[in-house]
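One structure below.
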Amino acid sequence: MENQEIARVLWETADLMEIAGEDSFRIRSYRNGATAVEGYPERIADILRDPHRNVTEIPGIGKGLAQVLAEIVERGSCERRDLLLQKFPPTALEFLKIQGLGPKSIALIFQHYRISTIDELERLCQEHKLRVLPRMGAKLEEKVLRSIAQYRQRSGRYLLSYAEGVAAELIEALGQVPGVDAVTPAGSLRRGRETVGDLDLLVTGPSAHAALERFVTYPRVEEVLGRGENKASAKVGREGFQVDVRALAPENFGAALQYFTGSKDHNVAIRTRAVKMGLKLSEYGLVRVEGDIRVAGETEAGVYEALGLPWIPPELRENCGEIEAAAEGRLPELVELQHIRGDLHMHTTETDGRATLDEMAEAARARGYQYIAITDHSKALAMANGLDEKRVVAFARQVREINRNGAPSGLRVFSGIECDILKDGALDLAPDALAELDLVIASVHSHMNMEAAEMTDRLMRALECPHVRILGHPTGRLLLHRDPFPFDFDRVAAEAVRRGVWLEINASPERLDLHGALIRGAKAKGARFAISTDAHHPKQLDYMRYGVVTARRGWLGPDDILNTLAAEPFAAALQSRP
DNA sequence: GCCGTTTTCGGCCCGACTGTTTTCAGTCG
């Protein structure tokens, strides 16, 4: 069993404990344990098996959780979780995803009504049966109904990072089958969409069909939906993520990759173009209608070439002008991961990060970066132990000291802050404290349910502060969880351009904020960008690739992005503000 | 349940908003 799965069982158990009203410190320990397990570099299952090792050497894991971990690895659950699941239906965990309902309310609902599905919860609200319970009223019923609608809209999609993980796992497993040459992901994963509905894997090689057999018997396959000669579909993992695996003949590979990568709209436009040229494009190849002569299909580039087009990067294939641009030879040069020279948004143990400045710097060096900015939270985020002015000044001094002596990692460190934008648009820290820092990111973390006009004013005011250089996760969305807050993006983007403020492309797979369409719109206004991971753990520095993919979906090249600059010009850019 | 030590017990645990209240519990970040 992988660490990720163990962590998931711990998270679930903690959620159930919360509904059961158990001791909050114990719940916290379970959650801490889950985070520790999730981020641990070695497999917990291996450590448990090794008689010379002890899982209690992992910080956050004590005697109690060691026992629990052993149980989970052995049989996928633990006693506490089993007992709680006898008390509450498994769907109780689903109820927690409905905004406005917390553990206490859910427990109360279960005490009064025997319900187990979201549909039944919806009916309770519609029949005004929630308002008879203590501390519940009409407003809550409305809010829950709205949240249920949102929840339904989102279900059935998965984070890009999740889909990528499943893809990597299956590519590894199917790639080991003798006679399989390559396993290639297509679909929205290949286009880098922020959420993915299902996964398409294309298999080539003399024994590609053997991979289908391996797939349907794969241990994590929960339900086989279909199994034919060339295609198998199944639900993978407890989340029920649908994966389609196709075995392809090598001569079809390019056409199939093009076809299954999509998007649908892109393909319709491409096939229309083919028809106009007297060609017919399908997943089996590109054929000249007259005489039924096959002209392309082996490679994707060959298919595009035969249509008079350069190869179009998958991230652009949304039928948003990419075909016209390709035809006119004005496809943009897109940014790549190797262009990125530093990461500009990360947290440390000073606030809610899991590693120290030195550890983050070392991790950044290992990824080949020239510089990083440390940007912990400001004091408004009390729960994260945000920095006040005094700590900011001390931190800026500490960083100057580090750079003077040369950081052990050899990396240049910039002092920064992720400063909260307060309700009225003021920044959370005094200007003279902000002036001490190399980089100020301004972000909204609270009061997200304002009217659009009010939120716009708030952001416009935040941009007035002369120390602000980056607007952090500008729309505040949390994928599959919270919609972006409403505001006039165009006005704010234009103001950011005018004031020389960069817009963040937050690379955390839960945010990817800004997203492609907004990026492109802002670029048209002259905006410039920073891609940052918002890492709270050294491993999360790897999120950069999701940010780069998102920037590519916004048609950005290396010159549009601040942190493609080498250390010296980057430092100079920080100094100069119009 | 973990951790650390003034070493086997006590601390961990903030702050604002919201809705349903008549003084505050629950949610969220």
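Tabulated values for the structure
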| quantity | calculated |
| --- | --- |
| Top-ranked residue of the range A:491-547 - restricted to ones that are within 11 Å of the chain's Cα centre (by Cα) and basic (Lys, Arg), ranked as surrounded by the fewest Cβ atoms within 10 Å (Cβ to Cβ) | A:Arg545 |
| Some residue of the range A:352-373 being farther than 30 Å from A:His266 by Cβ, in contact (Cβ under 8 Å) with a residue 40 or more places away in the chain, part of a loop (DSSP other than H, G, I, E, B) and in contact with a strand residue (DSSP E or B) (Cβ under 6 Å, 6 or more places away or on another chain) | yes |
| Residue within the range A:328-349 that is surrounded by fewer than 18 Cβ atoms within 10 Å (Cβ to Cβ) and within 16 Å of DNA strand B (Cβ to nearest atom) present | yes |
| Helices (runs of 4 or more DSSP H) enclosed by the range A:110-223 - at least 1 residues per element that are surrounded by fewer than 21 Cβ atoms within 10 Å (Cβ to Cβ), modelled with pLDDT under 90 and in contact with a Gly (Cβ under 7 Å, 6 or more places away or on another chain) | A:138-154 |
| Residue, farthest from the chain's Cα centre (by Cα), within the range A:50-65, restricted to residues that are of a type in the set (A, V, I, L, M) and more than 6 Å from DNA strand B (Cβ to nearest atom) | A:Val55 |
| Of all residues in the range A:19-43 being among the polar types (S, T, N, Q) and surrounded by 13 or more Cβ atoms within 10 Å (Cβ to Cβ), the one that is nearest to DNA strand B (Cβ to nearest atom) | A:Ser29 |
| Residue satisfying all of: in the range A:416-451; aliphatic (A, V, I, L, M) and part of a helix (DSSP H, G or I); nearest to DNA strand B (Cβ to nearest atom) among these | A:Ala433 |
| Single unsatisfied condition, A:Ala366 versus (1) more than 16 Å from DNA strand B (Cβ to nearest atom); (2) over 30 Å from A:Gly60 (Cα atoms) | (2) |
| Spans of helices (runs of 4 or more DSSP H) in the range A:503-577 with at least 2 residues in contact with a strand residue (DSSP E or B) (Cβ under 8 Å, 6 or more places away or on another chain) and more than 20 Å from A:Arg330 (Cβ to Cβ) | A:544-553, A:567-575 |
| Residue in the range A:126-142 that is within 31 Å of the chain's Cα centre (by Cα) and acidic (Asp, Glu) present | yes |
| Criterion (closer than 30 Å to A:Leu480 by Cβ, surrounded by fewer than 18 Cβ atoms within 10 Å (Cβ to Cβ) and within 13 Å of DNA strand B (Cβ to nearest atom)) met by exactly one of A:Lys87, A:Lys104 | A:Lys104 |
| Filter pass, A:Lys235 being in a strand (DSSP E or B), charged (D, E, K, R) and assigned by TED's automatic domain parsing to the domain that holds A:Ala168 | yes |
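The values are calculated or read from the model by the stated rules, or taken from the named source; none is laboratory data. Treat the numbers as computed from the prediction; the structure is a model and nothing was measured. Please note: Cβ atoms are built from the backbone with ideal geometry, for glycine as well, and neighbour counts cover all protein chains shown.
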